[in-house]
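Colleague: Structure provided below as structure tokens; questions to follow.
The values are calculated or read from the model by the stated rules, or taken from the named source; none is laboratory data. Quick caveat, the model's predicted, so the values are computed rather than measured. Every residue, glycine among them, receives a Cβ derived from its backbone with ideal geometry; neighbour counts consider all protein chains shown.
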Amino acid sequence: MVEKFTVNLGERSYPIWFGANLESEVKVQLAKWAGAGRKIVIVSDRNVAARQSGALRTMFGGAPTLELEPGEGTKSLSELGRVLDFLAANKIDRRAVLVAVGGGVIGDLAGFAAAVYLRGIDFVQVPTTLLSMVDSSVGGKTGLNLAAGKNLVGAFHQPKVVFVATEMLATLPVREFAAGMAEVIKTGLLGDAELFARLERSPLTVDSPDLAGVVRRCCELKARIVEADERELAQEGGRALLNLGHTFGHAIEQVTGYGGYLHGEAVAVGLCAAARLSAKLGMIGAGDAARVETVVAAHGLPTRLSEPLPLADLVDAMARDKKVRAGGLRFVVLKRLGEAATQSGIDPALVAQSFREVGAAG
């Protein structure tokens, strides 16, 4: 069954299509654009091109395609240059459509390229990983990493349409699926207590009969948050709530050079640290913090650093995080399991202790 709902953002509104297989829907939509004289180009990565070769041929035929190396290192200024040169070489004009086929790295990079090429062209998201399906393909955040920090270069650029085909998850490596579960767990923690309770009852797997429903619930919750605060301007709460676990997680990624952990793995450790911080602030009990760690571990994700990282380096990375305001960090903390809030002015000693408890050294 094919379903869809709309992310309501006025003139930037767009549909998200859901189905096990959406090859026909993608092909029909792109054929309409091509029939109207709009050129279609594809950006993907080598792993996706190998695993989904049949689907890509069906959907895109002989459309010009750029295959990049997989991994967080591709979200860089140098790879952005490759994408922009690819668009120029194919004589892309402002009516063209760039299709991002892959995980969060490809979606972020291609989306940012679409935002800046000719001052903005349309793009489409075809997420192929659980993480990109439930999180990064929705909401219009695009960006690149710098050596100084995660996602420090970026733009808000909403896609024209998102196609979520859960059948693509069948070829996803186990580790990548687990990494995506960090964002599913995050969604339950920040705004869907029923979802978190479902994850407590039994781990969600690629074979779970309710997988498609869970993916849709995550997208719907994120869409509603984005509709209320598209550019993360709310003074309290709003879109910033989606950063639960990410202030800790981004610091881990930056200190390890974007190579030691998948994004979802770093976020998983960050969720555990955020839960511990919330308990130290008296917002949840130690038992609830333990429940978070139990669910994280049950889904094959780390609850602690695999090896100690210097606390000073982690704190320094946090200080360069894009969520710094007026020289201070805003953390997303848990009021209860299923409800989160933003909070500034937290005692740095509590943050440091929370990081130590998940394996930081110093």
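Colleague: Restricting attention to the stretch 1-22, report how many residues are assigned to a helix (DSSP H, G or I) and under 26 Å from Ile92 (Cα atoms).
Modeller: 2
Colleague: Tell me which residues, restricted to the stretch 23-42, are of a type in the set (Gly, Ala, Ser) and not in a helix (DSSP H, G or I).
Modeller: Ala36, Gly37, listed by residue number.
Colleague: OK, next. Which residue, of Glu79, Glu67, is in contact (Cβ under 8 Å) with a residue 12 or more places away in the chain and touching a Ser or Thr at 6+ places or on another chain (Cβ under 7 Å)?
Modeller: The match here is Glu67.
Conditions (1) crowded, with 18+ Cβ neighbours inside 10 Å; (2) within 15 Å of the chain's Cα centre (by Cα); (3) at pLDDT 95 or above, marked per residue:
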| site | (1), (2), (3) |
| --- | --- |
| Asn145 | yes, yes, no |
| Ala165 | yes, no, yes |
| Leu169 | yes, no, yes |
| Arg175 | no, no, yes |
| Ala178 | yes, yes, yes |
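Colleague: So which residues in the stretch 271-321 are small (Gly, Ala, Ser), more than 18 Å from Lys335 (Cβ to Cβ) and touching a Gly at 6+ places or on another chain (Cβ under 6 Å)?
Modeller: Correct list: Ala312 only.
Colleague: Return the only residue of Leu204, Leu195, Leu189, Leu221 being surrounded by 18 or more Cβ atoms within 10 Å (Cβ to Cβ) and either modelled with pLDDT under 95 or assigned to a loop (DSSP other than H, G, I, E, B) (or both).
Modeller: Selected residue: Leu204, the only one of Leu204, Leu195, Leu189, Leu221 that is surrounded by 18 or more Cβ atoms within 10 Å (Cβ to Cβ) and either modelled with pLDDT under 95 or assigned to a loop (DSSP other than H, G, I, E, B) (or both).
Colleague: Within the stretch 127-139, can one find any residue that is within 20 Å of the chain's Cα centre (by Cα), buried (at least 24 other Cβ atoms within 10 Å of the Cβ) and among the acidic types (Asp, Glu)?
Modeller: The answer is yes, given that some residue of the stretch 127-139 is within 20 Å of the chain's Cα centre (by Cα), buried (at least 24 other Cβ atoms within 10 Å of the Cβ) and among the acidic types (Asp, Glu).
Colleague: Could you tell me whether any residue of the stretch 306-315 is under 22 Å from the mean Cα position of the chain (by Cα) and buried (at least 22 other Cβ atoms within 10 Å of the Cβ)?
Modeller: Yes: one or more hits.
Colleague: Related question: Could you check the stretch 248-267 and list, in sequence order, the residues that are crowded, with 24+ Cβ neighbours inside 10 Å and over 13 Å from the mean Cα position of the chain (by Cα)?
Modeller: Scanning the stretch 248-267 gives Phe248, Ala251, Ile252, Glu253, Gln254.
Colleague: Give the residue, chosen from Gly338, Gly328, Gly285, Gly345, that is closer than 26 Å to Leu130 by Cβ and either surrounded by fewer than 18 Cβ atoms within 10 Å (Cβ to Cβ) or out of contact with any strand residue (DSSP E or B) (no Cβ under 8 Å at 6 or more places or on another chain) (or both).
Modeller: Matching residue, one of Gly338, Gly328, Gly285, Gly345: Gly338.
Colleague: From Leu211, Leu241, Leu233, grab the single residue that is of a type in the set (A, V, I, L, M, F, W, C) and surrounded by 20 or more Cβ atoms within 10 Å (Cβ to Cβ).
Modeller: It is Leu241.
Colleague: Turning to a different aspect of this structure: When the residues of the stretch 43-101 are filtered to those that are among the polar types (S, T, N, Q) and in a loop (DSSP other than H, G, I, E, B), which remaining residue is surrounded by the fewest Cβ atoms within 10 Å (Cβ to Cβ)?
Modeller: This residue is Asn90.
Colleague: Same structure again: Would you pick out the residues in the stretch 135-189 that are polar (S, T, N, Q), over 27 Å from Ser24 (Cβ atoms) and in contact with a strand residue (DSSP E or B) (Cβ under 8 Å, 6 or more places away or on another chain)?
Modeller: Residues satisfying the conditions are Thr142, Asn145, Asn151.
Colleague: I would also like to ask the following. Residue by residue through the stretch 266-314, note down the ones that are of a type outside the set (Ser, Thr, Tyr), under 22 Å from Arg336 (Cβ atoms) and outside any helix (DSSP H, G or I).
Modeller: Hits for the stretch 266-314 are Leu281, Gly282, Met283, Ile284, Gly285, His299, Leu301.
Colleague: Would you be able to tell me the number of residues in the stretch 13-35 that are in contact (Cβ under 8 Å) with a residue 24 or more places away in the chain, over 20 Å from the mean Cα position of the chain (by Cα) and either more than 20 Å from Leu211 (Cα to Cα) or loosely packed, with under 12 Cβ neighbours inside 10 Å (or both)?
Modeller: Final tally of qualifying residues: 6.
Colleague: Is there a residue in the stretch 145-166 that is charged (D, E, K, R), assigned by TED's automatic domain parsing to the domain that holds Leu77 and touching a residue at least 12 places away in the same chain (Cβ under 8 Å)?
Modeller: There is at least one residue in the stretch 145-166 that is charged (D, E, K, R), assigned by TED's automatic domain parsing to the domain that holds Leu77 and touching a residue at least 12 places away in the same chain (Cβ under 8 Å).
For every residue, the table says whether it meets (1) in contact with an Asp or Glu (Cβ under 9 Å, 6 or more places away or on another chain); (2) touching a residue at least 40 places away in the same chain (Cβ under 8 Å); (3) assigned by TED's automatic domain parsing to the domain that holds Trp17.
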position: Cys219; (1), (2), (3): yes, yes, no
position: Glu232; (1), (2), (3): no, no, no
position: Leu242; (1), (2), (3): yes, yes, no
position: Ala266; (1), (2), (3): yes, no, no
position: Gly300; (1), (2), (3): no, yes, no
